[in-house]
Amino acid sequence: MTLNAVNNAALTPPEQTPPLLLRSWQRSRDYGLSQHSHHAPAFLEQQALRHTQQQYANVLHHLNTHLPLFEQLQHGRRCRLLFADAQGTILFSAGDPYFGNKAQKIALASGASWHEQHMGTNAIGTALKEQSEVCILGQQHFLATNQGISCSASPVLSPNGELLGVIDISSEIGEHSQDMPLTAKLMALALENALVMNQAHAHWILNLAPDAGSLQQPWSGMVALQENGQVLGANRSARQWLPELDVPALLNDLTQGELTPVKQGMALLSRKPKLNKVRHSATIPTACAEPVLSEHERSALKLMNSHIPLLIQGETGTGKDHIVRRLHQAGSRASGPLIAVNCGALPCDLLEAELFGYVPGAFTGGTKQGRPGYIRAADKGVLFLDEIGELPLAAQTRLLRVLQEKTVTPLGCHKPEAVDFQLVVASHQDMTAMVEEGTFRQDLYFRINGYTLTLPPLRDYSGREFAALLQQLLHTLAATHSPSKRVTLSDKVITALQAYHWPGNIRQLKQQLAVAIVLADGDPIDLRHFAALPLGSEQTLGAEHTTALTRAPDDLKSITDQLIKQTLANNNGNVSATARQLKMSRTTIYARLKAIKPS
């Protein structure tokens, strides 16, 4: 046999080799590498290494925060977790210290370059070149000096889809388990999601998945959005959805915290957990601090953290859903999902299927894959049932069983599944009166009412509370309607706004502020920008009221009826639009319209 034949035989990869390895071995030959040469890796100088690590500081920070995931999945195994940049240079190393000491001999140290051009076929370099998950075991390495280890690597992509580097798990050849490639991929996905979640200037986080049970999982789609719906970044799964979605238009159809069908899956919109400071200013002369949890809210949070159900009562528009989001973010289940369900908006014929889920073939018209249902989607998180008084008695009975047994049985199935969620319910109706009338089960009422948090109407806010709310709303609205201009209110306007009785509560105030910001167009907001309200008039300041909406009502029901009629007229008789605007169910709208006598 000739010397060339011997060399060619030595450069032949193992039998039954995947095409990816064949390509990598060929590239290694083309680089001029010799399989049995003692090729030392290239190293960055310490100053250059520190500079590169500084450039990747944000990535390395989030990688450190996810180390517990690696330690949990690979506890007790002799392996190391590595991160290499897009040039194949190791910037981060953690894991078993014994393997780490031994790994120094084969250059698994920070600063070492594992680009294919330097080290031949290897998990880091080949994953970068192929931009795909790679597992290189023992003799599959091109250089014989590297064949004592086995490695699995997964690329890490930036929120813009650019290649940032790779996550690698390396071990001795006999220690590499079958779950290490999955761990590398999970770490890469977790790192990508953290980068998307923490995009600068992000206001919304949009989750996308084929079904509700897959939402907010590492492999589900995640998109960071500005408040106007502009995409700031997305993970690899979400980028497969984006070409088919008009995200700004979709944002108008989504309600924060509520599951919404979209294309061939489900969408869930949530606020970014930690908002960045906005660059513009929404100024109120009255000094006021950032809103914090009230004493009653702190009590509610303490009880929620002890798994006691919470009932929130309050008029329409008092911010019940906003309070739930604040309690969720501050509570012990902040890392779990918040699943908000408007019970009155669920179709009667599909209500139980939506709540409790169903298996494939459970009923005609169901999806082939079945649905997990809202209750199972809330596992390890918070389930918020808004307008719970709208639940039919049959659904109340099933819900009571779920709460008692902590299990849910999907439609078409006889096997219960364990669920773990914190329950929060809300209603603008008098629940005790509903119990007395027999329209709401008494045993369920006692089960959901561990603690009652009553939200005051806007007309009962103190001066400081009202000013604090204005500050918060203006910051939010200015980002959408006046991002480059200063928004200011005079003391006169603040006094007039507080004097008005606000039948639509916070929801109505927010809408009127949005209109005023647009009309002011950067000028100081004054009373003329609230043309739809009699601000500054004698009626507002306590004299005889002359219109139905400004006249002091005899009771809450008359306020609600007048507000429904006015909103319905503004929406040209569209009941669905009116229900969405008032955050009321269509059932309630129809019932009140039927009860209102013609004028």
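Here the simple spin-label model places points 7 Å from the Cα toward Cβ, and for ALA569 and LYS492 these points are separated by 2.9 nm. Close amide H pairs (under 5 Å, H built 1.01 Å from N) link TYR358 with ARG371, GLY373, LEU411, residues at least 5 positions away or on another chain. Given a 1.4 Å probe and the protein chains as shown, HIS176 ends up with an accessible area of around 40 Å². If R0 equals 22 Å, the separation of the Cβ atoms of GLU465 and ILE308 corresponds to a calculated FRET efficiency of about 0.25.
Extension gain, LEU60-GLN47: 0.36 nm per intervening residue step, less the Cα-Cα distance, totals 2.9 nm.
Here region 295-348 has 54 percent of its accessible surface on carbon and sulfur atoms, given a 1.4 Å probe and all protein chains in place.
Other residues with beta-carbon under 12 Å from the beta-carbon of GLU130 carry, at +1 per Lys or Arg and -1 per Asp or Glu, a net charge of +1.
The calculated FRET efficiency for GLN117 paired with ALA330, based on their beta-carbon distance and R0 = 51 Å, is about 0.50.
About the centre of its Cα atoms, region 309-449 shows a dipole size close to 640 debye [charges on the beta carbon of Lys, Arg (+1) and Asp, Glu (-1) only; nearest 20 debye].
Distance between the C-alpha centres of region 132-192 and region 445-521: 52 Å, rounded to the whole angstrom. If you sort the three axes of the alpha carbon gyration tensor as a ≥ b ≥ c, you get a/c under 1.5 for region 337-419, which makes it rounded.
A Förster radius of 41 Å, combined with the Cβ-Cβ distance separating ALA499 from GLU297, puts the computed FRET efficiency at roughly 0.95. The residues of region 204-271 expose on average 42 square angstrom of accessible surface per residue, using a 1.4 Å probe on protein heavy atoms. Per residue, the accessible area of region 309-449 comes to 42 Å² when a 1.4 Å probe rolls over the protein heavy atoms. In terms of distances greater than 20 angstrom between alpha carbons, the cross-link table entries LYS510/LYS594; LYS302/LYS380; LYS320/LYS380; LYS320/LYS594 yield LYS510/LYS594; LYS320/LYS380; LYS320/LYS594. A cut-off under 13 angstrom between Cβ atoms defines the neighbours of LEU399, and their net charge, with Lys, Arg +1 and Asp, Glu -1, is 0. Of the accessible area of region 3-196, computed with a 1.4 Å probe over protein heavy atoms only, carbon and sulfur atoms account for 50 percent. Between ASP179 and LEU593, residue separation times 0.36 nm minus the direct Cα-Cα distance comes to 143.0 nm. For TYR56, neighbours were defined as the other residues whose beta-carbon sits under 12 Å from its Cβ, and their charges (Lys and Arg +1, Asp and Glu -1) total 0.
The values are calculated or read from the model by the stated rules, or taken from the named source; none is laboratory data. Just so it is clear, the structure is predicted and the values come from calculations on it, not from any experiment. Reconstructed Cβ throughout: ideal geometry from the backbone, glycine too, with neighbour counts over all protein chains shown. Accessible surface areas use protein heavy atoms only, side chains included; no ligands, DNA or RNA. Shrake-Rupley method; radii C 1.70, N 1.55, O 1.52, S 1.80 Å.
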